[in-house]
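**Q** After the structure tokens below, expect a handful of questions from me.
The values are calculated or read from the model by the stated rules, or taken from the named source; none is laboratory data. Only a predicted model underlies this, so the values are computations on that prediction, with no experimental measurement involved. Virtual Cβ from ideal backbone geometry, glycine too; neighbours counted across all protein chains shown. The protein model used for the area step is the full one, side chains on, heavy atoms only, and it has no ligands, DNA or RNA in it. Shrake-Rupley method; radii C 1.70, N 1.55, O 1.52, S 1.80 Å.
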Amino acid sequence: MTGREATGTDVTGREMTGADVTGTKVTVDELDLALVNALQLRPRAPWSLLGQTLGISPVTAARRWRRLAEAGIAWVTAYGLPHPEDPGCVAHLDLDCAPDRIGRIAGELAEDAHVLSVEHFSQGCDLALTAAFTDLAALSRYTAERLGRIPGVDAVRVHLTTGYYAEGVRWRLDSLDPAQRVELHDDQPAGAGKPFAARAEVRAEDRELLIRLGVDGRLDQAGLAAATGLSPSTLRRRLDRLAGSDAIRFRCEIAARDAGRPVLATFRADLPPDRLDEVGPQLARLPEVRLCVSVTGAHNLLLSVWQRSLADVQRLEAALARRFPDLRVAERRVALRTVKRMGRILGADGRAVRAVPMDIWRDPVQAAP
């Protein structure tokens with residue numbers, strides 16, 4: 001698959017060319033997609049392993065990745081939550097906004113450290129935010145004292161995540177062959193995922209490390225030590241503890257259009273409560289599915305997918321109805337634009353412009369720009 005040249009503006013209206021630092025416009029080829037797929041499986045794999053798997057030199061693998069990252073086509077991030085047994089408070093916030101304020105509000109909220117993602121939808125609501133907090137009290141303050149004071153925000157509806165079946169960290173391109181996946185020690189088909197391990201606690205002293213990795217998940221130990229002031233041995237111990245216990249998750253992202261899936265859609269659906277834990281994992285294995293979670297509110301299931309065309313959205317809904325007769329899609333939304341995804345501000349073409357450090361420990365009101 002040959003990629004596309006990127007053009008557009010970021011949320012502040014600045015022109016964005018989709019070029020690397022030399023000013024050369026960047027397109028994506030099959031080897032680039034294979035490299036991204038490999039990094040989805042092993043986000044911090046050494047260049048030697050990545051090069052060996054792809055049949056290229058480590059220098060070539062590193063150079064190709066640098067070109068993709070500088071153009072905002074792909075990036076590695078990391079995220080985590082503070083408690084070992086409690087996933088914290090992850091909320092999906094639906095905002096109704098005055099039409100002439102939608103762009104300004106989206107740009108303002110995209111700068112908030114608690115807001116992971118911002119989408120402008122075609123129906124159901126104007127803006128949808130995914131945000132994370134340490135507890136419900138912090139979420140309450142954010143909705144009342146932050147969102148409630150922004151001119152043009154007319155209504156806010158909060159849906160709390162109660163269970164996870166699929167996350168973007170498990171979504172993959174299908175650009176590697178089975179032998180290459182084995183070489184990267186991956187034994188799961190695309191769309192599937194292993195149960196997450198029991199989490200260790202993210203301690204206060206781990207916070208800076210997590211924030212730095214959220215900006216650049218492939219930052220090496222020398223760079224992390226310089227950024228955090230930790231000794232190499234202390235840094236290694238903390239990384240091993242956090243990554244080994246799933247307290248921190250590394251995630252390789254790619255611009256949706258460059259992945260060949262420019263249509264982002266969200267379904268809000270209903271399932272009998274006693275069927276959620278049976279159907280949820282089956283939905284998670286569908287290759288289109290990026291996110292599948294149970295939530296509070298009028299509809300108990302949220303499903304987010306990446307598709308190649310609008311027609312594919314309708315075909316998927318029909319397939320779901322045939323396969324899961326007791327699943328009722330109550331609302332279907334198509335994203336007109338994704339303004340922010342997992343801490344990255346995106347341009348109009350979906351490529352990353354810059355990072356906003358994710359920090360759910362900050363005060364949700366005083367931390368606002």
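**Q** Pull up all non-local amide H partners of Gly163: gap of 5 or more, or a different chain, and H-to-H distance under 5 Å with H placed in the peptide plane.
**A** Those lying under 5 Å, H to H, from Gly163 are Ser294.
**Q** Also, I was wondering about something else. Could you report the chain's accessible area per residue, 1.4 Å probe, as an integer in Å²?
**A** The answer is 42 Å² per residue.
**Q** Using a 1.4 angstrom probe and counting only protein chains, how large is the accessible area of Ile102 in Å², to 10?
**A** 20
**Q** Which length gain, in nm to one decimal place, applies between Arg149 and Ala348 when the Cα-Cα distance is subtracted from 0.36 nm times their residue separation?
**A** Taking Arg149 through Ala348 to full extension adds about 68.9 nm, to one decimal.
**Q** For labels at Ala355 and Gln123 in the simple 7 Å Cα→Cβ model, what's the distance in nm?
**A** According to this spin-label approximation, the distance is 3.8 nm.
**Q** Next up: Over the C-alpha atoms of the chain, what are the Rg and the largest Cα-to-Cα span, Dmax, in Å?
**A** Answer for the chain, Rg first and Dmax second: 19.9, 56 Å.
**Q** Let me ask you something else. For the pair Glu278 and Ser140, what calculated FRET efficiency results from E = 1/(1 + (r/R0)^6), where r is the Cβ-Cβ distance and R0 = 35 Å, to the nearest 0.05?
**A** That gives a FRET efficiency of 0.60.
**Q** Another one. Would you mind counting up the charge near Pro58? Only other residues with Cβ under 13 Å from its Cβ, with Lys and Arg at +1 and Asp and Glu at -1.
**A** Charge balance near Pro58 sits at +3.
**Q** With Cβ to Cβ distances under 15 Å as the rule, what net charge do the other residues near Cys125 carry (K, R +1; D, E -1)?
**A** Cβ neighbours under 15 Å give a net charge of 0.
**Q** Using only helices, what value at 222 nm comes out for the chain when you add -39,500 (n - 2.57) per DSSP H run of length 4 or more and divide by the total residues, to the nearest 500 deg cm²/dmol?
**A** -8500 deg cm²/dmol
**Q** What whole number of Å gives the distance from the Cα centroid of the stretch 195-268 to the Cα centroid of the stretch 293-332?
**A** Computed from Cα coordinates, the inter-centre distance equals 30 Å.
**Q** So, with +1 on the Cβ of K and R and -1 on the Cβ of D and E, and no other charges, what is the size of the charge dipole of the chain about its Cα centre, to the nearest 20 debye?
**A** I would put it at about 500 debye.
**Q** Starting from 0.36 nm per residue, how many nanometres of slack lie between Arg328 and Ser231 once their C-alpha separation is accounted for?
**A** Roughly 29.6 nm would be gained on extension.
**Q** With viscosity set to 1.306 mPa s and temperature to 10 °C, compute the Stokes-Einstein D of the stretch 104-184, Rh being the Kirkwood radius across alpha carbon pairs; µm²/s, no decimals.
**A** Once the numbers are plugged in, D ends up at 103 µm²/s.
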